[in-house]
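Worksheet: one structure, shown below.
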């Protein structure tokens with residue numbers, strides 16, 4: 001039986017790797033070994049980045065709500081506590097958008113919570 005040397009399969013795999021590593025500079029863009037390593041790190045950083053993005057967005061929403069509340073007598077933690085106590089279901093994203101674009105509605109929400 002003839003020996004199979006995986007020529008076509010290997011080339012296809014390498015081409016796939018090259019397309020995924022497109023734009024990588026130096027060693028990581030030129031060689032297969034480097035591209036494999038670079039892609040592994042890139043995917044790892046992308047995974048972590050997706051988690052950090054969620055964290056950063058939540059921090060931004062809290063900052064916006066807190067800034068809007070600085071005009072009133074309430075602080076952020078008291079406001080959220082009172083919202084939960086009154087069983088108001090508005091998440092931080094929606095609250096921050098209301099605070100940013102519709103100040104009158106946000107003021108009504110704050111008055112209703114207190």
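Computed from the coordinates by the stated procedures, all read-outs in this text should not be read as laboratory data. Predicted model, so just to flag it, every value in this text is computed and none were measured. All Cβ positions, even for glycine, are placed from backbone atoms using ideal geometry, and neighbour counts span all protein chains on display.
Table for the structure above
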quantity	calculated
Matching residues in the range 76-87 - criterion: being surrounded by 12 or more Cβ atoms within 10 Å (Cβ to Cβ) and closer than 16 Å to residue 61 by Cβ	76, 79, 80, 83
Residue check for residue 114: under 23 Å from the mean Cα position of the chain (by Cα) and in contact (Cβ under 8 Å) with a residue 12 or more places away in the chain	no
So residue 38, is it exposed (fewer than 11 other Cβ atoms within 10 Å of the Cβ) and on the phi < 0 side of the Ramachandran plot	no
Filter result for residue 91 (surrounded by fewer than 13 Cβ atoms within 10 Å (Cβ to Cβ) and either within 22 Å of the chain's Cα centre (by Cα) or over 30 Å from residue 11 (Cα atoms) (or both))	yes
Enumeration of residues in the range 10-28 that are out of contact with any helix residue (DSSP H, G or I) (no Cβ under 7 Å at 6 or more places or on another chain) and in a helix (DSSP H, G or I)	10, 11, 12, 13, 15, 16, 19
Leading residue by the ranking (nearest to residue 17 (Cα to Cα)) among those in the range 30-41 that are in contact (Cβ under 8 Å) with a residue 12 or more places away in the chain and within 24 Å of the chain's Cα centre (by Cα)	39
Test: residue 51 is loosely packed, with under 12 Cβ neighbours inside 10 Å, free of Cβ contacts under 8 Å to residues at least 24 places away in the same chain and touching a helix residue (DSSP H, G or I) at 6+ places or on another chain (Cβ under 9 Å)	no
